[in-house]
């Protein structure tokens, strides 16, 4: 059995408390990548009305690129960065995963988010801990089950992301339908 660190390179995010904020208008401005952004990237739908926290700094910070794989040490969930979050700053609560040629990015996200064996390992690592947060060491040491060929990985990964998007769209449609019905009922009462 292989460990995740045999398939993936890890890049930790910028420690937030070490970023020196400045008022200088010539300094770069960065949006912080958030848990909402992660969920949006996973389902392919952008939440409306969300204001990301920003920082203006001259410091070197860890930023995201489109198609990067990111893992949240808070939730234990992974996703692939979409274009609208390119350039966002990611903090020490996230780890960028750089997959080798042996593993497809979308399949990697599917494996981390859905595989029962991996889920069990992640949960076991949290037991007895005061703060429920995953660690980089724990992530690196994950045992990876036997994997299908790279072609099958691509098919599984794409099907996973398509399913998540479909579920999100159905949920959004149901919410809109409910809003319309409630608005119509309100009109009947008047």
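Values in this text are rule-based calculations from the coordinates and carry no lab data. Only a predicted model underlies this, so the values are computations on that prediction, with no experimental measurement involved. A quick note on method: Cβ atoms are made from the backbone with ideal geometry, for glycine too, and the neighbour counts reach across all protein chains shown.
What to note about this one:
- Choice from 40, 24, 104 showing the highest fluctuation, given a GNM over the chain with Cα pairs closer than 10 Å: 24
- Rounded Å value of the spacing that divides the Cα centres of the range 31-85 and the range 133-182: 16 Å
- Taking label positions 7 Å along the Cα-Cβ direction at both residue 46 and residue 183, the computed distance is 2.2 nm, reported to one decimal.
- For the chain, modelled as a GNM whose springs connect Cα atoms under 10 angstrom apart, the maximal fluctuation among 139, 169, 38 occurs at 169.
- Rounded, prolate or oblate (a/c below 1.5 giving rounded, otherwise prolate when a/b exceeds b/c) for the range 71-115 by Cα gyration tensor: oblate
- By other beta-carbon atoms within 10 Å, ranking 41, 102, 68 with the fewest at the front produces 102, 68, 41.
- Adding -39500 (n - 2.57) for every DSSP H run of four residues or longer, then dividing by how many residues the chain holds, sets the calculated 222 nm ellipticity at -13000 deg cm²/dmol.
- Equivalent ellipsoid of the chain: semi-axes from √(5λ) of the C-alpha gyration tensor, largest first, are 30, 26, 16 Å.
- Distance in nm between pseudo-label sites at residue 119 and residue 11 (7 Å out along the Cβ direction from Cα): 3.1 nm
- Stretched out straight at 0.36 nm per residue, the stretch from residue 159 to residue 102 would grow longer than its current Cα-Cα span by 18.6 nm.
- When only Cα pairs below 8 angstrom with a gap of at least 6 residues are kept, the chain shows a relative contact order of 26 percent.
- GNM top mover of 180, 50, 80 - the chain, alpha-carbon springs below 10 Å: 180
- Ranking of 171, 85 by neighbouring Cβ atoms within 10 Å, starting from the fewest: 171, 85.
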